[in-house]
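Peer 1: There's a structure below that I have some questions on.
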Amino acid sequence: MRVHAALLFALCLTSEIDAQDSIPPGPPFDQAAALADLKKFIAGKEEQLAVDVFNNIQQYKGATAGRFLRIMEFGFTVALGVDCTHCHKPGVWDSDEKPTKQIARDMTVMLNAINTEYLKKIPNLRSTNPQVNCTTCHRGQRRPALELPPSVRPPE
């Protein structure tokens, strides 16, 4: 498990690299309008595999187009407290231009390994299907929550 802990640590540090910090702000991104456009784009194809509807799908290949959009909307944007522009260039959704997109892919691989390989090996967990997800660490924040909230910290 030490190898995975090192990977988790490295990915958490890497996730602090945010190309958006150095980009001057442009016009505000309209997340609701972008999602509405994407939902129109997949209308009638919601149950087709995302890989057959969208370009450059590397994760969630077994997800339908409708589920894929929900994963992006809730699994990433809400869990990390960001909008689509954190990983994507608006309107060029398949672009790999932003490093945060690859970081999200790498962290998805890490989550899958933790859920399928490591958690199941912990004998005394009282869950039949223990899982972690983006929210486990990010808690609605772009960077993982690495400190205890003030109400939980021990007195100094």
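Peer 1: Looking at segment 30-73 only, could you name the residues that are on the phi < 0 side of the Ramachandran plot, touching a Phe, Trp or Tyr at 6+ places or on another chain (Cβ under 6 Å) and of a type outside the set (A, V, I, L, M)?
Peer 2: F68
Peer 1: Across segment 132-156, which residue is surrounded by the most Cβ atoms within 10 Å (Cβ to Cβ) among those that are among the β-branched types (V, I, T) and assigned to a loop (DSSP other than H, G, I, E, B)?
Peer 2: Residue satisfying both the conditions and the ranking: V132.
Peer 1: Next up: Going through segment 92-105 one residue at a time, which ones are in a helix (DSSP H, G or I), buried (at least 16 other Cβ atoms within 10 Å of the Cβ) and of a type outside the set (S, T, N, Q)?
Peer 2: Passing the criteria: K101, I103, A104.
Peer 1: Quick check on this structure: which one of V109, V78, V82 is touching a Lys or Arg at 6+ places or on another chain (Cβ under 6 Å) and of a type in the set (V, I, T)?
Peer 2: V82
Peer 1: If you check N129, N115, which single one turns out to be over 11 Å from the mean Cα position of the chain (by Cα) and surrounded by fewer than 13 Cβ atoms within 10 Å (Cβ to Cβ)?
Peer 2: Only one candidate passes the filter, namely N129.
Peer 1: Could you check how many residues of segment 43-56 are within 21 Å of the chain's Cα centre (by Cα) and closer than 12 Å to L69 by Cβ?
Peer 2: Residues meeting the conditions: 4.
Peer 1: Please verify whether T108 is closer than 25 Å to K39 by Cα, touching a helix residue (DSSP H, G or I) at 6+ places or on another chain (Cβ under 8 Å) and part of a helix (DSSP H, G or I), treating the condition exactly as stated.
Peer 2: For T108, the condition - closer than 25 Å to K39 by Cα, touching a helix residue (DSSP H, G or I) at 6+ places or on another chain (Cβ under 8 Å) and part of a helix (DSSP H, G or I) - is not met.
Read-outs throughout are calculated quantities, based only on the coordinates presented, and are distinct from any laboratory measurement. Keep in mind it's a predicted model, so treat the numbers as computed, not measured. Note that we place each Cβ from the backbone using ideal geometry, even for glycine, and neighbour counts take in every protein chain shown.
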